Amino acid sequence: MKAAGFSSVIVDTVVHEREAPSVSAFWASFQRTNPPLMLLREKLGADQWKKLEPVIFSKLQQELGTGAISSRARAHLGIGVC
């Protein structure tokens, strides 16, 4: 940002923790709230998504189990003054 002409730059890191009672609940929420995934689903179309979605869900269950899960996302927010 300084290279772009901002004289004062501050970057804050924000962490958002998310808990779900099950992988199934996490996946259902993730499908509704994750824009890149929503775009992928739209781009693939309903028929291809019906084939892919169970594969993704199965992989999630293999990796995360079936119980409650917690996830953490980090965002770096930059503020600059001209």
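The values are calculated or read from the model by the stated rules, or taken from the named source; none is laboratory data. What you see is a predicted model, and the numbers here were worked out from it, not measured in a lab. All Cβ positions, glycine included, derive from the backbone under ideal geometry; neighbour counts span all protein chains shown.
Within the stretch 13-30, residues that are closer than 19 Å to P54 by Cβ reach partners that are of a type in the set (S, T, N, Q) and loosely packed, with under 13 Cβ neighbours inside 10 Å with beta carbons closer than 7 Å, at six or more positions or on different chains, in the pairs A20/S29; S22/T66; V23/T66.
Only a single item in (1) loosely packed, with under 12 Cβ neighbours inside 10 Å; (2) farther than 29 Å from L77 by Cα is not met by W49, and it is number (1). Considering only the stretch 64-77, I want to know if a residue exists there that is under 17 Å from the mean Cα position of the chain (by Cα), modelled with pLDDT under 95 and among the polar types (S, T, N, Q). Yes, the conditions are met somewhere in the stretch 64-77. Among the residues of the stretch 1-37, the ones that are of a type in the set (A, V, I, L, M), surrounded by fewer than 13 Cβ atoms within 10 Å (Cβ to Cβ) and either over 30 Å from C82 (Cβ atoms) or touching a Pro at 6+ places or on another chain (Cβ under 8 Å) (or both) come to 0 in all. Across the stretch 52-69, the number of residues qualifying as surrounded by 10 or more Cβ atoms within 10 Å (Cβ to Cβ) and outside any helix (DSSP H, G or I) comes to 4.
Only one of (1) out of contact with any helix residue (DSSP H, G or I) (no Cβ under 9 Å at 6 or more places or on another chain); (2) closer than 24 Å to I69 by Cα fails for F6. Which number is that? Result: F6 passes all but (2). Taking the conditions (1) within 25 Å of G65 (Cα to Cα); (2) of a type in the set (S, T, Y); (3) not in a helix (DSSP H, G or I) in turn, T13 satisfies each one other than (1).
If you go through the stretch 9-32 and keep only what is touching a His at 6+ places or on another chain (Cβ under 8 Å) and not hydrophobic (A, V, I, L, M, F, W, C), you end up with D12, T13.
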